[in-house]
Amino acid sequence: MASHMKPLVLHAHAHASGPNPVKIAIALEALKVPYVVKPWNFGDDPETGVKGAEFLKINENGRVPALEDPTTGVTAWESGACMNYLRRVYDPGNTIGPPGSSAQDLVDFEKWEYFLLTTLGPMTGQLNWFKHFNSQRNDNAQQRYVAQTYRCYDVLEGQLQKSDGTSILPTRVTTVDFHFEPWVRGHTFAGLSLENYPMIHKWLGLMGAREDVQEAYAKIRNSTNIVKSA
Ligand SMILES: N[C@@H](CCC(=O)N[C@@H](CS)C(=O)NCC(=O)O)C(=O)O
């Protein structure tokens, strides 16, 4: 990357517990794009909270990730939009985008991206909510989201068989893998097991061994410029 470019600002959660900012950090690491992580608390503290006035100026939806690029003046939020911005602007050689260029290749890329964004991610998110955060115990809701998340794992397991567990789209790792990585890595927090998912287990091991993945987690975990705790 050009040495004169200003680092991008990745807005993330202060305690690195949310999966969505991690995806974007992995892509930034993979592309060797300079960035800093700005951590925010959950909640509505006006200065430090994702639902507070300062952060709502960046993302009116009050969620992380958000991504600011001082070189181009672009602000993005929604991890899918952040990811595709990075691909368009910082991956001219298409090293982490669709592995092929046919109409089918492009649809394949998008369908797995959307499957994570609309289905596996939200089902796991709801499971985490009912398991860890809902003020009332609701076994019925929890069971539904366990079943739905495992159903997504079934689908992912089948897809990974095509590459013998090396990448979600056959032939190479793409941003689709980056989208799935933190959600699947969080399976233990969600109370799920990979015992019946050998391909997912293998893929997660390979992803976790990558330098860009390790750096992404470390950088978000070590981000400290938060003003105060909520
Ligand atoms: N669809 C959004 C989801 C973003 C999201 O839910 N982020 C979580 C952290 S992983 C968050 O900011 N939660 C704080 C809140 O809901 O107040 C995306 O893909 O970026």
Quiz item: What would the Debye formula give as log10 I(q)/I(0) at q = 0.11 Å⁻¹ for the alpha-carbon point model of the stretch 122-230, no solvent?
Solution: -0.43
Quiz item: Which whole-number percent gives the relative contact order of the chain, counting Cα pairs below 8 Å spaced six or more residues apart?
Solution: 26
Quiz item: Calculated from DSSP H runs of 4 or more alone, at -39500 (n - 2.57) each and per residue, what is the 222 nm mean residue ellipticity of the chain, nearest 500?
Solution: -14000 deg cm²/dmol
Quiz item: the chain: longest stretch without exposed GluC sites (Glu not before Pro) (DSSP loop, at most 12 other Cβ within 10 Å), sites themselves excluded?
Solution: 61-194
Quiz item: Considering lysine pairs in the chain that are 8 or more places apart or on different chains, how many have Cα atoms under 22 Å apart?
Solution: 21
Quiz item: So what's the convex hull volume per residue for the Cα atoms of the chain, in Å³?
Solution: 126
Quiz prompt | FRET efficiency, residue 218 to residue 72 (Cβ-Cβ, R0 22 Å, nearest 0.05) | solution = 0.25
Quiz prompt | Net +/- balance of residues flanking residue 51 in space, Cβ distance below 11 Å, scoring K and R +1, D and E -1 | solution = -3
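Values in this text are rule-based calculations from the coordinates and carry no lab data. A quick note: this is a predicted structure, and the numbers were derived from the prediction, not measured. Note that we place each Cβ from the backbone using ideal geometry, even for glycine, and neighbour counts take in every protein chain shown.
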